[in-house]
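The values are calculated or read from the model by the stated rules, or taken from the named source; none is laboratory data. Note that this is a predicted model, so its numbers are computed, not measured. Note: ideal-geometry Cβ built from the backbone for every residue, glycine included; neighbour counts use all protein chains shown.
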Amino acid sequence: MVTLAISSKSNVDGRDSTSDTDAVDQFGGLVVRQRKLLDNREKLISQIRAVPGFDTFLKPPSFDTLRLVSCHGPVIIINHSRWRSDIIILLHDTPPSLITTSCDFYARANKLQDQLLGARNEDSDLESNTYEDALRFVLKELYDLVGQLVIRRLNELNVPVQSRVWWCPTSVFCSLPLHAMGPIPSDVGRPRYFLDQYIPSYIPSLSALIESRKPSSQAVGKPSILLVAQPDENMPQAFEEMKAVRAVDTKVTRLFSVKATPTAVLERLPNHRFAHIVCHGILESGKPLEASFKLHEGKRLLLLDIVRSQLPDAEFAFLSACHTAELTEESIADEVLHLASAMQFCGFRSVVGTMWAMADTDGEGLARDFYSSVFSDTTQGTRYYERTAKALRDAVVKLRRKRNTTLERWVNYVHYGA
């Protein structure tokens, strides 16, 4: 800090310096007030940290704490920056493994996002040949840019195939389908993609995954499902999907048509560990907090309303709606803020979402295969919400093998969380 002492009201050229003195006095007063506020802030933080359970309040997590997120499988962090980009694989029992990227890594990733979002914006029909070609190109380039490096390093680290892996992307990678990179070069068999090698999930941050694994007062036994459905004439197959969910061997509570209101949904969510939502998802360009589910009479359940909810016992949400895990060109950089991540932030430990519009015809089969896997007796000993990543992967692979299934239909589905 520089302190100025002024003993005269006239400066060297004879001009009146009263105004200068007043300005310095005002600045000095601001500095004193700011210092006092900072001192008061530190005292308040000290008092909060003295409360049991709040000893780490506003402290950054230790590396040992962050490393625990990889106890069930590696976490792959992609740092995307114009100054330096890296791929870091976080492991629970060894130091992080750094993958150095090429000098054109930053620019190539930007170009891939531009191509994918550009093709999506230019052609509203996702099943068009134009979009299919763009998506195929992006998946191949992603494999060349990221996939082959990561798979090679995972092999070197002796991470078995079919292991769980978590993607923690930043910047443009938040809107690119890392889970479906490929095809992986092979001379035999069907084309294979990243999700054939590993069971992928996404996380918005390491802290989000840590929160999703914290102990809770979870009930034992099969979780009940809250089924929220508001289909319209553009979703004729939604009723078949509802039947598939209601056929699950567990208690299912249905909020349908006039009962499917934002208030009713928010009131019922705390009473169910699982939720399955069948309706239209609405993405507001440039306004992420106004993304919503369209419910009865067009009433909207906003992302902000979901974030404000307190759901300590929530485990899993299947968002069978369009755009629930989509980021656009107007999305805030480095902030994974969409309906799927909002569900995780408000308490759900695992979430299934969609990267763009979903095909109505896929809902029934995907839901049937998904819940059949989740509630299978072959996975006893594993918490139900922890079965959802593999269940989605297996259901998506089955969907991909159906005749005439386009790339965008199976690449669309993503898993977030534990």
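As a summary of the residue check, V150 satisfies the conditions (1) among the aliphatic types (A, V, I, L, M); (2) surrounded by 21 or more Cβ atoms within 10 Å (Cβ to Cβ); (3) without any contact (Cβ under 8 Å) to a residue 24 or more places away in the chain except for the one numbered (3). Among the residues of the stretch 240-256, those identified as assigned to a strand (DSSP E or B) and either surrounded by fewer than 16 Cβ atoms within 10 Å (Cβ to Cβ) or charged (D, E, K, R) (or both) are T253, R254, F256. Residue-level check: of (1) of a type in the set (A, V, I, L, M, F, W, C); (2) surrounded by 16 or more Cβ atoms within 10 Å (Cβ to Cβ); (3) not assigned by TED's automatic domain parsing to the domain that holds N79, F194 misses just (3).
Among residues of the stretch 75-125 being among the charged types (D, E, K, R) and in contact with a helix residue (DSSP H, G or I) (Cβ under 8 Å, 6 or more places away or on another chain), the one that is nearest to P204 (Cα to Cα) is R82. Residues satisfying the criterion are present in the stretch 220-237 (criterion: modelled with pLDDT of 90 or more, under 27 Å from E297 (Cα atoms) and not hydrophobic (A, V, I, L, M, F, W, C)). Restricting P191, P177 to those that are in contact with a Pro (Cβ under 6 Å, 6 or more places away or on another chain), closer than 30 Å to V138 by Cα and either touching a residue at least 12 places away in the same chain (Cβ under 8 Å) or not basic (K, R) (or both) reduces the list to P191. If only residues of the stretch 42-85 that are of a type in the set (V, I, T), touching a residue at least 40 places away in the same chain (Cβ under 8 Å) and not in a strand (DSSP E or B) are counted, the one that is surrounded by the fewest Cβ atoms within 10 Å (Cβ to Cβ) is T65. Consider E386 carefully, then state whether it is acidic (D, E) and either over 19 Å from A317 (Cβ atoms) or not in a helix (DSSP H, G or I) (or both). No.
Determine which member of the set I151, I88 is over 28 Å from A357 (Cβ atoms), assigned to a helix (DSSP H, G or I) and either among the aliphatic types (A, V, I, L, M) or assigned by TED's automatic domain parsing to the domain that holds N404 (or both). Spell out the reasoning first.
On the way: I88 fails: assigned to a helix (DSSP H, G or I).
Result: I151 is the single residue among I151, I88 that is over 28 Å from A357 (Cβ atoms), assigned to a helix (DSSP H, G or I) and either among the aliphatic types (A, V, I, L, M) or assigned by TED's automatic domain parsing to the domain that holds N404 (or both).
When each of D93, D114, D133, D144 is tested for being in a loop (DSSP other than H, G, I, E, B) and not assigned by TED's automatic domain parsing to the domain that holds M355, the lone residue that passes is D93. The criterion of at least 1 residues that are modelled with pLDDT of 90 or more and not assigned by TED's automatic domain parsing to the domain that holds R164 is met, among helices (runs of 4 or more DSSP H) falling completely within the stretch 257-351, by 262-268.
I'm trying to understand the selection: among the residues of the stretch 156-166, which are surrounded by fewer than 23 Cβ atoms within 10 Å (Cβ to Cβ) and outside any helix (DSSP H, G or I)? Reasoning before the result, please.
Step one: list which residues in the stretch 156-166 are surrounded by fewer than 23 Cβ atoms within 10 Å (Cβ to Cβ), which gives 156-164.
Answer for the stretch 156-166, where residues must be surrounded by fewer than 23 Cβ atoms within 10 Å (Cβ to Cβ) and outside any helix (DSSP H, G or I): L157, N158, V159, P160, V161, Q162, S163, R164.
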